Amino acid sequence: MTGSARLPILIAVIVLALLPLGATSNTLLNFMTFALIVALAAQGWNLLGGYGGQFSFGHAAFFGTGAYAMGLLQVRFGLNPWAAMPVAMLLGAAVGWAIGFLAFRARLRGAYFALVTLAFAEVFRILANAWAFTGAAAGLLVPLKLQAANMQFEDKRLFYWLVLAFVAGALVLTAELARSRFGARLVALRENEDAARALGVDTLRVKLAAITLSAGVTAAAGGLYAQKSLYLDAAIAYGPWISVDALLAPIVGGLGTVFGPLIGALALLGLGELSKMALGNLFGGAVPGIDLIVFGILLILAVAFAPRGLLGLFDRLIRRPRPAEGGEATP
Amino acid sequence: MTAPLLVVEDLTKRFGGLTAVDRAALTVRAGTIAGLIGPNGAGKTTLFAMISGFETPTSGAVRFEGRDVTALPAHQRTAAGIARTFQIVQPFAGLSVRENIAVGAYLRRAGRTEALAHADAVGRAVGLGPQLDRPAGEMTVAGRKRLELARALATDPKLLLLDEVLAGLNPSEIRDMIPVIRRIREGGVTILIVEHVMQAVMSLCDEVHVLAQGRMIASGPPLAVARDPAVMEAYLGHGAAARIAASARNPGAPDHA
Ligand SMILES: Nc1ncnc2c1ncn2[C@@H]1O[C@H](COP(=O)(O)OP(=O)(O)OP(=O)(O)O)[C@@H](O)[C@H]1O
Ligand SMILES: [Mg+2]
């Protein structure tokens, strides 16, 4: 993204912020809050996967760590959620660094890296499901206390705006990263790792920084999710669903772009929700798993017809000159 | 005589049972252009890989500016001032030419504006000015070779290792590239060049090293090396010496053995 990414970010955030003022439906607000949380998780994934080319299948490890940290710090340690949030992000980032250290130092790439991340997320899920400290199979309940000081709001719109603030922060972070030396190095190692090393890039260090940042952002999404639902279990926090959503949204929206994860998350979840409603009406009841079928179809369509995602498709349709991937452009 | 910038001491590289480089030694003096020639599979690229940190030698040492760099990883050797190009070009295909070069420029410049400005300057210096905004993946062979050169140059190296940057170019493109390489040396960069294009080797190099089957069989001024019977036998084959001598007398002739 160019320096002019600031204006699109501002516009997008304003439009999203105004949404709950016009539409007052509780269902819509709930959906949008959830979609933005997924978008945030996907923004985290995109930093590592989209810009760095390291495809993780296990971002649930970071999402779940953020979620459980948020819940446990409140329930077990009596910490205020506003204080718990940054700690949850740091813990998620630490888990990201540790997994990165093990995987990248062993020079795992491509499918091997993806499988290792998937395995870590599954191990965390199984542990959280068994350990009494995390509530085991019964899950973890965060007590209801509707106070702003407790990050619980009477007015649901406030929580939506809080999530939006995180998404906005991640948009700005991504745009800044894309224009920085770190971003250039990250994109370079995605394109060709040997060439990057030959140009003086410490690829291990850059990958470690990327996975740490990526995990921290996705952990924030987990923390917000915990605070939104006030209930967690292992299948929610460390379940493969979030690993899949976090990876699909940027692919559908546009890998390695500032807006890709947000657009992809809204498109994916929106279509999933619509198809649930449409088919529910048609068959006179819920059709379980229909959103997953829609995701699958969208993924196939994206890979076949829009390899650069929805953003790339728009680009092609309105025939703008192709912007450089990885976001660098002439100043 | 200037001080040696690069000293390669008895480098050996074995791949399983194959000895790709066998106790090869060479010295490159600061400010010169040295050539490394030898038949296909002689071990030239492997030797480059050991000098630049991409392969770990089985034995031997690499000294740069008097310091033993044998244990340094590749990116730290680049930081120390050793830059390389790849025989098989390795562009960042999804990025523009400018962004490709900027990755090199960032090595000694933290800011985007300075890095992009340096990338532009280096790009223009190697003749990529009109293509700076093009995606690297869409470049011609000649363009990609120039891009390899530009990226390495953008790291502000003291020593530039060029692995067949002229291979695959037509005679007129080669004639365009030779002055570019010469200007880089005039800018204070020492160059070690692997080349099969004899015309370029004869006209550019102050000293030539000949590798055959992993062994260094001759070193010296280009003309002396070209006349060395061992070189003729091992590398050039019968009758080639005459062609070399001819192209040395007439460096403009498009002769690539
Ligand atoms: N990674 C490797 N593993 C096994 N063998 C290798 C490896 N790299 C090179 N070799 C072998 O080592 C020998 C030297 O190869 P190298 O590429 O260094 O030769 P070269 O002089 O650069 O040849 P050319 O002129 O064709 O580029 C060859 O026999 C090659 O097959
Ligand atoms: Mg070679």
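Quick test of your reading of the structure: A:Val123 fulfils all but one of (1) open to solvent by 30 Å² or more (accessible area, probe 1.4 Å); (2) touching a residue at least 60 places away in the same chain (Cβ under 8 Å). Name the failing condition by number. So A:Val123 meets the others, but not (2).
Of the candidates A:Gly169, A:Gly239, the single residue that is free of Cβ contacts under 8 Å to residues at least 24 places away in the same chain and surrounded by fewer than 24 Cβ atoms within 10 Å (Cβ to Cβ) is A:Gly169.
Of everything in the stretch B:28-40 that is within 12 Å of ligand 1 (Cβ to nearest atom) and part of a loop (DSSP other than H, G, I, E, B), the residue that is farthest from the other protein chains (Cβ to nearest Cβ) is B:Pro39.
Checking each residue in the stretch A:268-283 for being open to solvent by 40 Å² or more (accessible area, probe 1.4 Å) and either out of contact with any helix residue (DSSP H, G or I) (no Cβ under 8 Å at 6 or more places or on another chain) or at positive phi (or both) picks out A:Leu274, A:Met277, A:Ala278, A:Asn281, A:Leu282, A:Phe283. B:Ile193 passes every criterion in (1) out of contact with any Cys (no Cβ under 8 Å at 6 or more places or on another chain); (2) within 16 Å of ligand 2 (Cβ to nearest atom); (3) not hydroxyl-bearing (Ser, Thr, Tyr) apart from (1). Of everything in the stretch B:41-80 that is at the interface with chain A (Cβ under 10 Å from one of its Cβ atoms) and in a loop (DSSP other than H, G, I, E, B), the residue that is nearest to ligand 2 (Cβ to nearest atom) is B:Phe54. Consider the stretch B:81-114 and keep the residues that are part of a helix (DSSP H, G or I) and of a type in the set (Ser, Thr, Tyr). The one that is farthest from the chain's Cα centre (by Cα) is B:Thr113.
Which number in (1) open to solvent by 10 Å² or more (accessible area, probe 1.4 Å); (2) of a type in the set (Ser, Thr, Tyr); (3) more than 18 Å from A:Arg181 (Cβ to Cβ) marks the one condition that B:Thr85 misses? Every condition holds for B:Thr85 apart from (1).
Give me the helices (runs of 4 or more DSSP H) completely within the stretch A:183-248, filtered to those with at least 3 residues that are over 22 Å from A:Phe57 (Cα atoms) and in contact with a helix residue (DSSP H, G or I) (Cβ under 7 Å, 6 or more places away or on another chain), ordered by residue number.
A:193-198
Among the residues of the stretch B:142-168, those identified as away from ligand 1 (no atom under 16 Å from the Cβ) and assigned to a helix (DSSP H, G or I) are B:Ala142, B:Gly143, B:Arg144, B:Arg146, B:Leu147, B:Leu149, B:Ala150, B:Arg151, B:Ala152, B:Leu153. Selection of the stretch B:169-215 for residues being within 13 Å of ligand 1 (Cβ to nearest atom) and surrounded by fewer than 19 Cβ atoms within 10 Å (Cβ to Cβ) yields B:His196, B:Gln213, B:Arg215. Looking across the stretch A:61-103, the residues that are open to solvent by 60 Å² or more (accessible area, probe 1.4 Å) and without any contact (Cβ under 8 Å) to a residue 12 or more places away in the chain come down to A:Phe77, A:Gly78, A:Leu79, A:Pro86.
The values are calculated or read from the model by the stated rules, or taken from the named source; none is laboratory data. Here the structure is a predicted model, which means the values were calculated and not measured. Positions of Cβ are generated from backbone atoms using ideal geometry, with glycine treated the same way; all protein chains shown enter the neighbour counts. Calculation scope for accessible area: heavy atoms of the full protein, side chains included, ligands and nucleic acids excluded. Shrake-Rupley method; radii C 1.70, N 1.55, O 1.52, S 1.80 Å.
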